[in-house]
Every structure is written in structure tokens, then in C-alpha cells.
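Participant: Before I ask anything, here is the structure I am working with.
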Amino acid sequence: MRFENKRVFVTGAASGIGAATVELLRAEGARVFGVDVSDAPGIHFCDVTDGATITAAMEQAVSEMGGLDVLVNVAGVNWFSKVEDITLDLWQKHLDVNLTGPMLVTQAAIPHLRASKGNIVTVASISGIQGQPYNSSYCASKAGLLLFMKAIAVELAVDGIRVNCVCPGGVDTAMSTNALSNIKGEIDFGHFPKMMGVLPGMMPPVKIAEAIAFLASDAASSTTGASLVVDNGTLWQ
């Protein structure tokens, strides 16, 4: 029961890593306010690209839970595309959801985390560390997210707020399954083996939820500015 009486706000909570995180933290005693743009039982609406809905959701969460101890940024999107086929809309959608969204939610959470000396855990990606073919928009957004979180980890340390990231490799979610559906024409799979882990298969979302829980827990009380790679050994080189 690492999270008994802890108050947690989770974005992207309707499915995948977000849903697994909500389930795990609740099982360990947390009060969790989950948000998403998709409907799911017990999940509240919040569009992480829209400041007004973020403010409303955060105010409701803090009112219902009496404060905030942990923010978990999970919400994200990914569509592969050849670089010459990237539209401004596709590029902007990756940046809006994957980079600007966590920044806006973090801004809304900071006053409450200062009061509790809480912490932030954000789902980044090994795509922010490793160049990947047909995935440049996503890679750019996640690389920006990693450095944003590292920067504010330094800035917020004076307030006692820890800030960390989890960098997953291949996770068995609908987002991963559908990512290739956007590519036009033939593609070269020659570089894809370099994106595969030395351990077989795709990881279930709960494996990333477990990493999130560790970083959010008191066991990681001396850890901030970290990027915890959980990728089946993809970046072993």
C-alpha cells in the first residue's frame, strides 16, 4: 500500500498505460482522478491541449480529493509518416498532445504539488532518445518532452517537487498497433530490427505502470530528473 491516502491525477486514463496506472495506484491505496478525451467508466473528460478543460478538471480533482500529491502525464498520440508526407496538422498534433499538453497540465498542478511537496511522473519514450524511421514527428515531440521535464526537475527541486520520466519501448496498446496505419506507399523495414528489444514481444501496459509507481513512490525519494528506460532491452547498445 505505497500510496495509501495519496491523491493522484492521471491523464490518458481511459486505456493503455493510463488505465493500467489508475488500476495499480488504486490497488495500492491511492485516490485517483483519471482524465481523458475518450469515455471510460469513472474517467473524467479533459483535453490536455485545452487550457480551460485542464483548469476545470484540476479544480474538480483537488476539490474532491482535498489536494494533490502526484501528477502522472500519460496522454499521447502517435502516427508514423514518411518525412515528405508529414502535414502541418500531423506535426502540430504530435506537439500539441505530447509536448504542450504535459506542460499545460503540469502548470495547473504545480501550486498543489508545492503544498504537498509532491511529484510528477511523465511517460516519455525511447523515441525521444533513439532516432526511428517514419516516426520523426513523434520522436521530436518526445525528445522535447524529456528535456522539458529534466529542466523543470532542476527548477522545482527548491520546492521539494520531484520530476521524473519513464521511457517505454514497445508497449501493447492501441496507439502502438495503429501507429503504422498512417504511412502511405511502400516502406523499408531494414532499420526496424534495431528498434526491437533483446527480450521478446511487446510489453503489457502494467509493466510501464509499475515503473511509474516506483518513481512516484517514497522509494524514489532521492530520484529526480531521471529517465527510466523500460524497453525490453532495445537500447542496450
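Read-outs throughout are calculated quantities, based only on the coordinates presented, and are distinct from any laboratory measurement. Note that this is a predicted model, so its numbers are computed, not measured. Positions of Cβ are generated from backbone atoms using ideal geometry, with glycine treated the same way; all protein chains shown enter the neighbour counts.
Participant: Evaluate the charge dipole of segment 7-228 about its Cα centre and quote only its size in Debye, nearest 20, assuming +1 on the Cβ of each Lys and Arg and -1 on the Cβ of each Asp and Glu. List each step's numbers first, then the result.
Facilitator: Numbers: 13 positive and 20 negative charges, 100 e Å.
With only Lys, Arg, Asp and Glu charged at Cβ, the dipole is about 480 debye.
Participant: Separate question: Across the chain, how many lysine pairs, 8 or more apart or on two chains, come within less than 17 Å at their alpha-carbon atoms?
Facilitator: Numbers: 6/117; 82/93; 82/184; 93/142; 142/150.
For the chain, the number of qualifying lysine pairs is 5.
Participant: Quote the relative contact order of the chain in percent (integer), defining contacts as alpha-carbon pairs under 8 Å separated by 6+ residues.
Facilitator: Details: 465 pairs, mean separation 50.4, N = 237.
In percent, rounded to a whole number, it is 21.
Participant: What is the angle, in °, between the Cα long axis of helix 205-216 and the longest principal axis of the Cα atoms in the chain? Nearest 10 is fine, range 0 to 90.
Facilitator: 40
Participant: Once the Cα atoms of helix 51-65 and of the chain are each reduced to a long axis, what angle between those two axes, in degrees from 0 to 90 to the nearest 10, is obtained?
Facilitator: With both axes taken from Cα atoms, the answer is about 40 degrees.
Participant: Still on this model: For the pair residue 92 and residue 26, what calculated FRET efficiency results from E = 1/(1 + (r/R0)^6), where r is the Cβ-Cβ distance and R0 = 25 Å, to the nearest 0.05? Don't skip to the answer; put the middle values down first.
Facilitator: On the way: r = 34 Å, r/R0 = 1.37.
So, using R0 = 25 Å, E works out to roughly 0.15.
Participant: Tell me what the chain gives for mean residue ellipticity at 222 nm when only DSSP H runs of n ≥ 4 count, each as -39,500 (n - 2.57), the sum divided by the residue total, rounded to 500 deg cm²/dmol. Could the numbers behind the result be given before it?
Facilitator: Details: 7 runs with 89 residues, N = 237.
One gets -12000 deg cm²/dmol as the mean residue ellipticity at 222 nm.
Participant: Counting other beta carbons within 10 Å of each Cβ, put 173, 223 in order, fewest first. Walk me through the numbers on the way to the answer.
Facilitator: Numbers: 173 23, 223 15.
In increasing order of surrounding Cβ atoms, one gets 223, 173.
Participant: A follow-up question, please. Stretch residue 55-residue 219 to full length: gain in nm at 0.36 nm per residue minus the Cα-Cα span? Mind dumping the intermediate values first?
Facilitator: On the way: separation 164, 0.36 × 164 = 59.04 nm, distance 3.03 nm.
Gain on stretching residue 55 to residue 219: 56.0 nm.
Participant: Which of 36, 159, 47 moves most in a GNM of the chain, Cα contacts under 10 Å?
Facilitator: Residue with maximal mean-square fluctuation among 36, 159, 47: 159.
Participant: Picking from 216, 75, 30, which is most flexible by a Gaussian network model of the chain using Cα springs under 10 Å?
Facilitator: 30
Participant: Return the label of the correct value of semi-axes √(5λ) of the Cα gyration tensor in Å, as calculated from the structure shown, out of (1) 41, 19, 15; (2) 29, 19, 17; (3) 33, 19, 16.
Facilitator: It is the one labelled (2).
Participant: I'd like the orientation of helix 136-156 relative to the chain: the angle between its Cα long axis and the longest Cα principal axis, in ° from 0 to 90, rounded to 10.
Facilitator: The angle comes out at about 30 degrees.
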